């Protein structure tokens, strides 16, 4: 109430939706950078990167991202093994596998391990974003 006895109305702005938080996992730094550019330019927040499956599991537990992109073939622990471990830790994890052409059997194994979907390298940014929107329910 103001001093004249009337209520003043305050218009509230709708809060901006929080950007989706992404963890990028690939042993090739150029691939991580390419994926990071796609997400950063599309309103996502890249909160972490990992260069192998061991780091992926640690970073996932630490950062709790909304989405993880996961290379399949990596040193120390494959993307499939890392996906299994992450899903065991968090059944609701959203993981999109990144595979090279000719890795169809590995992709099927990754989906069975709990991955939500996959993208085939080399990929275009619109392909990545359409798969991501689908798995996050924003399509």
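Between 0 and 90 degrees, the angle of helix 79-89 with respect to the longest Cα principal axis of the chain falls at about 50 degrees.
Label sites at residue 112 and residue 28, each approximated as a point 7 angstrom past Cα along Cα to Cβ, lie 2.6 nm apart. This structure gives P(r) over Cα pairs in 10 Å bins from 0, in percent, computed directly, and of [x] 10, 32, 27, 14, 11, 6, 1; [y] 12, 39, 31, 14, 4, 0; [z] 12, 42, 27, 5, 5, 5, 3, 0 that value is listed as [z]. With the helix formula -39500 (n - 2.57) applied to DSSP H stretches of n ≥ 4, the chain reaches a computed 222 nm mean residue ellipticity of -12500 deg cm²/dmol. Taking other C-beta atoms within 10 angstrom as a stand-in for reagent exposure, 129, 23 fall in the order 129, 23, fewest first. Once the chain from residue 133 to residue 92 is taken as fully extended at 0.36 nm per residue, the excess over their C-alpha distance is 13.2 nm.
For the pair residue 18 and residue 40 in one chain, pulling the backbone fully straight at 0.36 nm per residue adds 6.5 nm over the alpha carbon distance. Helix 29-40: angle to the longest alpha-carbon principal axis of the chain, degrees 0 to 90, nearest 10? Taking Cα atoms only, the helix is inclined about 30 degrees.
Relative contact order, whole percent, for the chain stands at 18, derived from Cα pairs under 8 Å and 6 or more residues apart. Taking the chain as the reference, fit the longest principal axis to its C-alpha atoms, fit the long axis of helix 104-113 to the helix C-alpha atoms, and give the angle between the two in degrees, 0 to 90, nearest 10. Between helix and principal axis, roughly 50 degrees.
Coordinate-derived values only; no laboratory data. Keep in mind that this is a model prediction, so the values were computed, not measured. Every residue, glycine among them, receives a Cβ derived from its backbone with ideal geometry; neighbour counts consider all protein chains shown.
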